[in-house]
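Below is one structure; the comments refer to it alone.
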Amino acid sequence: MTDEIFTKPFTQQEGIPEAGIERAIEIMRSGRLHRYNLTDTDINDTSQLELEYARWQGVKYCIACTSGGYAIQLGLRVCGVKPGDLVLANAYTLAPVPGAIHNVGAKPVLIDIDDNYHIDIFDLESKARTTGSKFLLLSHMRGHIADMERIMEVCDRYDICLIEDCAHTMGAKWRGQRSGNFGKVAAFSTQTYKHMNSGEGGFLTTNDPDIAARATVSSGSYMLYARHGAIPDEPVFEAVREHSPNYSGRMDHVRAAMLRAQLPLLEDNLARWNSLYDRLHRHFSAMDGVIIPDRRQDEFYVGSSIQFRTECLSRSSIPDFVEACGARGVELKWFGADKPKAFTSRYDSWKYIDDMPVLPNTLRVLETTLDMRVPLTFEAEDCDLIAEIIRDELTRFRKVS
Ligand SMILES: *Cc1c(COP(=O)(O)O)cnc(C)c1O
C-alpha cells in the first residue's frame, strides 16, 4: 500500500518538434496557409506530407483532410454508400464512426464484439447474410485488430467493401501488413489524442485510382487537384472531376508542416508507446480479478491506451473506484456507464440509430471495461506508480464474496 498520488496529467502530449514549429511560423508569416495558395517557389507542405505519408503507409494514394471523422465520411461516399444503405460496423467504437454513417444518410448495422474487443466474426457473418449490406466500416477500436484473414474472407464471400477506421492503429500491423492496407479505403486521424498531432486533421488512403481521384476532388480541390502529392494520373481525373461534389474538408499547410516534422519520429514513438504499454500490461496481468486482453503474436499493436476489466468489482462500485483512482491522480474512463461521459460511448447512447439491436456481449464486456490513456510524456516509473495506485484501490473496493 502507498498513499502516493500521481501528478502527471493524462492529457499531456509532447510538444510539436522544433522543425515543425519553425516551418509552421514561416508559413504563417507568408500568409499562404491554404493548400492551393502557392507561388512557383513555395514548398507545398500539404502535398509533400501526402507523398511522405503514402510512402510510409505503403499505399499509392493519400488525401490529407480536416479530420479523421471527415476522412471516414468521405471514404464511405467514394466507396459508393448512398442514403438509405446499410453499413455494418462494430458496436465498440467512438461516436464519430456511427456519426459518419449517419452523415452520409446511411444506417449502421451494429455488430457485437468478442471478449477481446474485436468485432465478433460470427455476428458479422450472420448480419452480412441477413441484411445483404455491401459495406463494412471496421473500427480498429483502441488498437485491437481483429483476425484480418477472417474479416477478408467474410468480405469476399458477401462482396462487401471494407472501409477501415485506423484512428487508433496508425503504425499497427496484422501479420506484417499495415492496418489500413486491407480495405478499399482507410481513414486516419491526426487529432491531438492520436499517434500524430496537428490539433485536428486526418488522411484518407487507398490504392484504387478511381476512388483516389474522386476523394481528392470531393475533399475540396476544385480544379486544382494537380497540386496534390499522392494522386493518380490526369486521365483518371478527367472521368470524375465534374461528377464529384465538393465536400470541402482540406488540410492546410500549417498543420501539414507540424505533421511532416512528426512523421520521421513515428516509428520510434510507436516503440516508446509499446514499452509503456507492455510495462502496464505486466502489472495488470499480475493483479487478482483484473482481466486484460491477450494480444496475439500476429498483431503488432500500438499501445497508446490500455483497456482492462475489473471482474472483482461489483457494477455499483465501479464509479466509486474510478473516482477514488481519480482522486489519486489516475484518470480512468468507464465504458459501462448508462450515460456517456467525456469521450466514452456505449452504442445504446446513439439514440438516433433506428432499430437499435441488443448486443449482449458488447454490453457485458463494456460493463466492466476501464480505459486509460498512455501519453508519451509518461515514463516507466510512472507506469509502476499508476499500477500500484490501481492495485491499492482495487483491494479497497473488491467485492466481498
Ligand atoms: C478520434 C477517432 C475518430 C475521429 O477522428 P477525428 O479526427 O477526431 O475526427 C474516429 N474513430 C475513432 C475510433 C476515433 O478514436
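Remarks
- When the alpha-carbon atoms of the chain are used, the pair Rg, Dmax equals 21.6, 74 angstrom.
- Per residue, the chain exposes an accessible area of 42 Å² to a 1.4 Å probe, with every protein chain left in place.
- Surface share of carbon and sulfur [accessible, 1.4 angstrom probe, percent] for the chain: 50 percent
- Under the span-like rule (Cα at least 30 Å along the axis, Kyte-Doolittle mean at least -0.5), DSSP H helices of the chain: 253-285
- Here the stretch 65-89 and the stretch 316-352 have alpha carbon centers that stand 29 Å from each other.
- Under 27 Å, Cα to Cα: Lys pairs in the stretch 18-264, sequence gap 8 or more or different chains: 20
- Between Y222 and S316, the distance separating the two model label sites (each 7 Å from Cα on the Cα→Cβ line) works out to 6.4 nm.
- The chain: antiparallel DSSP beta bridges as a percent of all, rounded to 5: 65 percent
- Highest-MSF residue in the chain out of H118, H281, H243 [GNM, Cα springs under 10 Å]: H243
- Inter-probe distance in nm under a simple model that places probes 7 Å from Cα toward Cβ, at I25 and S349: 4.1 nm
- Spin-label model, T192 to T41: label points 7 Å out along the Cα-to-beta-carbon direction sit 3.7 nm apart.
- Largest mean-square fluctuation among T93, T377, T369, in a Gaussian network model of the chain whose springs join Cα atoms under 10 Å apart, belongs to T377.
The values are calculated or read from the model by the stated rules, or taken from the named source; none is laboratory data. Bear in mind the structure is a predicted one, so any value in this text is a computation, not a measurement. FYI the Cβ positions are ideal-geometry reconstructions off the backbone, even for glycines, and counts take in every protein chain you see. Surface areas here come from the heavy atoms of the whole protein model, side chains and all, with no ligands, DNA or RNA. Shrake-Rupley method; radii C 1.70, N 1.55, O 1.52, S 1.80 Å.
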